Amino acid sequence: MKEENVKIIYKNKKTPGKTVTIIFLIILVFVLVSYIGYTKYQEFIMEEEREVEYIIEEELTYREVMELLEKIEDYNQNFSKYYPISNFSKIDNQEKLNFGIYMLTKYENTHNYYKVEDMKNIYKENFLGNMKVVYENIDCKNKDGVLYLLNNGTYTLDNAHEHGVEKMDIDTFYVESSKLDDVYQITVHILYSNYCADTCSNDKSCYSSYQDAVSSTNRVLNSKSEYDDYKNNLKKTTFTFIKKYDSYLLKSVK
């Protein structure tokens, strides 16, 4: 009897475990992708909410703006020759002392009897950090002797000085302001004009820095009346303050 060739066909048996694993992995990937997408979406929503909150926090009240502008005018009158300022130690010690005298005269109605302790409070209420000041006689700016004599912790004026005093007209124009937590920033235009030493000129030209006004160089306006027409071309100055309790402490001028 002739042997018949029998062809045996082997059929691979499906394994349900592998199929379930693949389906599980697909579902897991889908869940992870969905979770990451949802997380990113939530972060985006939170960021949008923070931006809206930030805009609300930026707004300064009229009273805050006016108070800061008044402080800026005080700094301009005493320290504008040093702008920009980020390190107050670079200010000449005599200028710091004159600022103390200026502030006590203006706000405390003090005349010819300025106490060192009162001057220390002035620096504490106006500058961030420790304003290092050496308390010494205050010389006349014309370099011809002592103007304020320090004796037993008190400054008194030497009335013998009757010559002209260096002066400058400094005008401040509000541009914009912002605040975030305890950090306050206010941006202004500052115009310097009518510089006087012993005499004053009739020139009404305006300059964007103290040094330019003294040297009569780099004029930006022929007079203050042109401000509205050319204000968009003027250099901006930004003052940064840190508010502590009820005081705005100057951090920098840029």
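The values are calculated or read from the model by the stated rules, or taken from the named source; none is laboratory data. In this text the structure is predicted, and so the values were computed from the model without any measurement. Note that each Cβ is placed from the backbone with ideal geometry, even for glycine, and that neighbours are counted across all protein chains shown. Please note that ligands, DNA and RNA were not included when accessible areas were found on the heavy atoms of the full protein model with its side chains. Shrake-Rupley method; radii C 1.70, N 1.55, O 1.52, S 1.80 Å.
See the values below:
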| quantity | calculated |
| --- | --- |
| Residue in the range 200-208 that is of a type in the set (Phe, Trp, Tyr) and without any contact (Cβ under 8 Å) to a residue 24 or more places away in the chain present | yes |
| Count - residues of the range 192-207 that are open to solvent by less than 30 Å² (accessible area, probe 1.4 Å) and in a loop (DSSP other than H, G, I, E, B) | 1 |
| Residue satisfying condition, being of a type in the set (Phe, Trp, Tyr), open to solvent by less than 60 Å² (accessible area, probe 1.4 Å) and more than 17 Å from Cys140 (Cα to Cα), within set Tyr155, Tyr210, Tyr174 | Tyr210 |
| Count - residues of the range 222-240 that are farther than 12 Å from Tyr174 by Cα, open to solvent by less than 90 Å² (accessible area, probe 1.4 Å) and of a type in the set (D, E, K, R) | 2 |
| Selected residue (criterion: nearest to Leu250 (Cα to Cα)) from residues of the range 61-81 that are buried (at least 18 other Cβ atoms within 10 Å of the Cβ) and of a type in the set (Ser, Thr, Tyr) | Tyr75 |
| The lone exception for Ser252 - which of (1) touching a strand residue (DSSP E or B) at 6+ places or on another chain (Cβ under 8 Å); (2) surrounded by fewer than 15 Cβ atoms within 10 Å (Cβ to Cβ); (3) at pLDDT 95 or above it fails | (2) |
| Output for the range 125-136, where each listed residue is under 18 Å from the mean Cα position of the chain (by Cα) and either surrounded by 18 or more Cβ atoms within 10 Å (Cβ to Cβ) or not aliphatic (A, V, I, L, M) (or both) | Glu125, Asn126, Phe127, Gly129, Asn130, Met131 |
| Selected residue [under 20 Å from Leu69 (Cα atoms) and without any contact (Cβ under 8 Å) to a residue 24 or more places away in the chain] from Asn218, Asn232 | Asn232 |
| Every residue from the range 217-245 that is under 29 Å from Phe88 (Cβ atoms) and either polar (S, T, N, Q) or not in a strand (DSSP E or B) (or both) | Thr217, Asn218, Val220, Leu234, Lys235, Lys236, Thr237, Thr238, Thr240, Tyr245 |
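So that you can scan it fast, the table gives a plain yes or no per residue for (1) assigned to a helix (DSSP H, G or I); (2) within 30 Å of the chain's Cα centre (by Cα); (3) surrounded by 12 or more Cβ atoms within 10 Å (Cβ to Cβ); (4) of a type outside the set (Gly, Ala, Ser):
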residue	(1), (2), (3), (4)
Tyr102	yes, yes, yes, yes
Thr105	yes, yes, yes, yes
Asn109	no, yes, no, yes
Asn112	no, no, yes, yes
Glu117	yes, yes, no, yes
Tyr123	yes, yes, yes, yes
Asn142	no, no, yes, yes
Leu149	no, no, yes, yes
